[in-house]
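So the structure is just underneath, and the comments pick up after that.
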There are 2 protein chains.
Amino acid sequence: VGNALAERVLAGHVPSAARVIRRLEDRDDEGREALAELYPQSGRAQIVGITGPPGAGKSTLVDRLISVLRSRGKSVGVLAIDPTSPYSGGAILCDRVRMQSHAADKGVFIRSMATRGQLGGLARAADDAAVVLDAMGFDVILIETVGVGQDELDIVKLAHSTIVVCLPGAGDEIQAIKAGIMEAADLFVLNKADLPGAEEAESHLSTLVHLEAGEGRWERPVLRAVAETGEGVPAVCDALSKHAAHLHESGEFVRRSADRARHGLFERLHDLTRERIQRSIDAHADLQALVDAVMRRELDPYAAADRVLEKLVSLRGRDGSDA
Amino acid sequence: VGNALAERVLAGHVPSAARVIRRLEDRDDEGREALAELYPQSGRAQIVGITGPPGAGKSTLVDRLISVLRSRGKSVGVLAIDPTSPYSGGAILCDRVRMQSHAADKGVFIRSMATRGQLGGLARAADDAAVVLDAMGFDVILIETVGVGQDELDIVKLAHSTIVVCLPGAGDEIQAIKAGIMEAADLFVLNKADLPGAEEAESHLSTLVHLEAGEGRWERPVLRAVAETGEGVPAVCDALSKHAAHLHESGEFVRRSADRARHGLFERLHDLTRERIQRSIDAHADLQALVDAVMRRELDPYAAADRVLEKLVSLRGRDGSDA
């Protein structure tokens, strides 16, 4: 009984945690076995999603949040998520060099994650990594996304509290994108609040927030900050604590944890079937004939998908290895 | 023989085309039956993806491209894709009001598409809509995305030619995102080229392009434009024609069409299995017990997914309705 790797993670061994996370990204059994031991130990951390348009200063804000949370005695795990694939890895890492000021601090764990060409796999990988850090005992886990899109929405859905970072003077299109994540936001940080247009942006956000306010609902704060200087960042941490308290008192924490568990199960289920379908198609040349028929436009893709499914079911009947 | 709705689409009836596209978005059988008739008639259009960071002026460029393509006698279908979900629909549509100047032109079809809460469904829906417009006889289909992320990458993968729109003076983070779609770009449009920083941005892009240039490869042009005034837009259309010719001469057109067909089949296959898994879980209360165990952290999500799959296979054995 007991998985040695998982035990080292639970004892706080950082390289072991990094290894489990990497193995889980690689969909490796070693990772899954460790996760099975870690999962029951997780569920205590406050998971905070941080998203917003490019250039809003998310990384700088995360850097400052770490400092303030540390000064308050909290340990902090950071997952910096870049769904725009391997290409941009280098550039983003550059931008995160400043976070290395925390590198010597044992109460801080920072990891960048990027897609590895697997559709939909990033939210699952981030979820797994959050479980590892949570089980390890980090009090707060910050999940930072690089942009704003469906992927980022899927990722912030993992969070108990979501910060949407905005900036003054952004064009209409950025405002529209911001509107796309309104629903997910638990608090707004108007960063670079020393720039022109801050008043206007703040009143715009406040109007949006008040439109959605209601009896017994969490009234989402709009906080001004200048992450570059650290101004306003302690107030963001205060709001996070207040939101955590609200989640627990209102029963919302249990609901969000349950949603997260349910969503995580479905994601892994879809992942598993996706892997199996791919493996079956790779292994059976006669399925390739259907792919060819679609290419030659003799068969439409829905009809072909139906036939592939029929074949997969009959294959499963003939040889048990796919079940 | 013959589907009446599909026949009306092939005869150029715009409301019927809009109806088929909506039915396909709704995953309705009526849509799939029409698509089965339309699919063999598709494969002639040049499908052009247009992506780039928020604020780069993609909508304005699309508006100008329509005018130039129309003046050259080409019919144009436009799919304006917003993966950031229903919330932002209104704002984006506002931005697209200018496109209504083409509303009276029978040679132009414009449609906005947004996710309907279905993960990964937007690329499929855009693919279906492109097949409908293609079968209808539109010469060029412009697929415009609202931002830059994995969703947008999946969508531009549908295209034969992809335009990446950049703007001068964007921050490092936007540059990094742009780097994320470098691989997908067939041509770069440096829009708002009358702004300061245009020279620098152009030389940055040219350097990136030359790094990747090689014998017999398409050398990706970097074109300066001011979409607002229309300046440089005819040259973008010229480059699109040149790229189309290159695709045909090099055999790349066939390869990209084949990739598109293969990718489309896999997407629909995953969609179908996803639907079936969801339906099975909804229908069988004993599967809910596994979901509950994950929520209570008695079972990790991978172990639970394995057990659900086992159950689905045995359900399929007992009752044929899922096969």
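A few points about this structure:
- Note, ³J(HN,Hα) from phi for segment A:263-278, Karplus 6.51, -1.76, 1.60, rounded to Hz, x at Gly and Pro: 4, x, 5, 4, 4, 6, 5, 5, 4, 4, 5, 4, 4, 5, 4, 4
- Pair-distance profile P(r), taking every C-alpha pair of segment A:175-246, with 10 angstrom steps and integer %: 18, 50, 29, 2
- Set of aspartates and glutamates near A:Lys106 by C-alpha distance (under 19 Å), chain-local residues within fewer than 8 positions excluded: A:Glu7, A:Asp63, A:Asp134, A:Asp139
- Sequence-distant aspartates and glutamates (8 or more away, or on other chains) whose Cα lies within less than 12 Å of A:Lys242: A:Asp186, A:Glu219
- Using a Förster distance of 56 Å, the FRET efficiency for B:Leu195-A:Ala36 (Cβ separation, nearest 0.05): 0.55
- Computed from the Cα positions only, the extents of segment A:23-79 along the three principal axes stand at 38, 29, 14 Å, in decreasing order.
- Cβ-Cβ FRET estimate between A:Thr207 and B:Asp139, R0 fixed at 56 Å, reported to 0.05: 0.80
- Rounded to the nearest whole Hz, the Karplus-based 3J(HN,Hα) values (6.51 cos²θ - 1.76 cosθ + 1.60, θ = phi - 60°) of segment A:29-35 follow the sequence 4, 4, x, 5, 5, 5, 4, with x at glycine and proline.
- Hull volume per residue, based on the alpha-carbon atoms of segment B:207-255 and their convex hull, is 88 Å³.
A short reminder: the numbers here are calculations on the coordinates, not readings from a lab. Note that the structure is a prediction, hence the values are computed from the model and not measured. Positions of Cβ are backbone-derived with ideal geometry, glycine not excepted, and every protein chain shown enters the neighbour counts.
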